[in-house]
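Everything on this sheet refers to the single structure shown next.
Nothing in this text is a laboratory measurement; each read-out follows from the coordinates by a stated rule. Because the structure is predicted, anything quoted here is derived from the model rather than measured. All Cβ positions, glycine included, derive from the backbone under ideal geometry; neighbour counts span all protein chains shown.
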Amino acid sequence: MNEFKQPFALGQKNDAYADYFTGQSYISVLTLEGVPSFNITFEPGCRNNWHIHKGGGQILFCTAGTGWYQEEGKPAQKLNPGDTVNIPAGVNHWHGAAKDSWFAHIALTVPAESAATEWRGPVSDEEYNKL
């Protein structure tokens, strides 16, 4: 990881959510006030499970490396630094690193009453390896 540079701290291993990721991710809390914001870093090949944000949705600001975002029923989108993804509430999706690159994004939780994340099954290796 010596050559991977990002503007925010790597943070701690994301062990609290390890059941919802394939591979190792890291989390750094940027703020919990106003709009909760986190720097999420993915090792190469790491991705989260399919999931839905209930209530408010999520916004991703890609800051380093190369990654992927996919909504159910749509082709995956390659993500690079400077890309922004607006994820409406109720959309089943996943995001994570490319196979050969670290990846980092800032995740903003859109404030809403009763906001929650519903975790679903993992992205299969077969689906992921097609990217």
³J(HN,Hα) computed for each position of segment 83-100 - Karplus, 6.51 cos²θ - 1.76 cosθ + 1.60, integer Hz, glycine/proline x
6, 10, 10, 9, 10, x, 4, x, 8, 6, 7, 8, 8, x, 7, 5, 4, 10
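For an R0 of 35 angstrom, estimate the FRET efficiency from the Cβ-Cβ distance between Glu127 and Glu33 and round to the nearest 0.05.
On the way: r = 37 Å, r/R0 = 1.06.
Efficiency at R0 = 35 Å is approximately 0.40.
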Set Lys74/Lys130; Lys78/Lys130; Lys5/Lys54; Lys78/Lys99; Lys5/Lys99 screened for pairs whose C-alpha atoms are more than 23 Å apart:
Lys5/Lys54
Taking placed amide H atoms and a strict 5 Å upper bound, the residues 5 or more places from Thr117 or on another chain that come that close are Lys54
Taking amide H atoms as placed 1.01 Å from N in the peptide plane, list the residues 5 or more away in sequence, or in a different chain, whose amide H sits under 5 Å from that of Leu30.
Ser37, Phe38, Asn39
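Would you work out the relative contact order for segment 1-94, in percent, from Cα pairs under 8 angstrom that are 6 or more residues apart? Walk me through the numbers on the way to the answer.
Values: 166 pairs, mean separation 23.3, N = 94.
Normalised by residue count, the contact order of segment 1-94 is 25 percent.
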Give the shape of segment 62-131 as rounded, prolate or oblate, defined through the alpha-carbon gyration tensor: a ≥ b ≥ c are the square roots of its eigenvalues, a/c under 1.5 means rounded, and otherwise the shape is prolate if a/b is larger than b/c and oblate if not.
oblate
Cα centroid of segment 52-131 to Cα centroid of segment 1-31, whole Å:
15
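Assign one of three labels to segment 17-98, namely rounded, prolate or oblate, based on the Cα gyration tensor with a ≥ b ≥ c the square roots of its eigenvalues; rounded applies when a/c is under 1.5, prolate when it is not and a/b is larger than b/c, and oblate otherwise. Intermediate values should be presented prior to the final figure.
Details: a/c = 1.27, a/b = 1.05, b/c = 1.22.
It is rounded, given that a/c, with a ≥ b ≥ c, falls under 1.5.
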For Arg120 and Ala9, compute 0.36 nm times the residue count separating them, minus their Cα-Cα distance, and round to one decimal in nm.
37.1 nm
Compare the peptides 119-126, 79-86, 98-105, 22-29 by average per-residue count of other Cβ atoms within 10 angstrom and give them in order, highest first.
98-105, 22-29, 79-86, 119-126
For segment 39-91, what does the relative contact order come out to in percent, with C-alpha contacts under 8 Å and a separation of six or more?
43
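Given +1 on the Cβ of Lys and Arg, -1 on the Cβ of Asp and Glu, and no further charges, what dipole in debye does segment 47-116 carry about its Cα centre, rounded to the nearest 20?
Numbers: 5 positive and 5 negative charges, 26 e Å.
Taking the Cα centre of segment 47-116 as origin, the dipole is about 120 debye.
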In debye, nearest 20: dipole of the chain around its Cα centre with unit charges on the Cβ of K, R (+) and D, E (-)?
180
Sorting Phe61, Thr31, Ala107 by the position of each Cα along the dipole of the chain (Lys, Arg +1; Asp, Glu -1; all at Cβ), the one nearest the positive end of that ordering is Phe61
Under the Karplus relation 6.51 cos²θ - 1.76 cosθ + 1.60, θ = phi - 60°, what is the ordered set of whole-Hz ³J(HN,Hα) values for segment 45-51, x standing for Gly and Pro?
x, 6, 8, 8, 5, 4, 7
Can you list the HN-Hα couplings for segment 21-28, worked out from phi with the Karplus curve (6.51, -1.76, 1.60; θ = phi - 60°), rounded to whole Hz and with x for Gly and Pro?
10, 9, x, 9, 10, 10, 9, 10
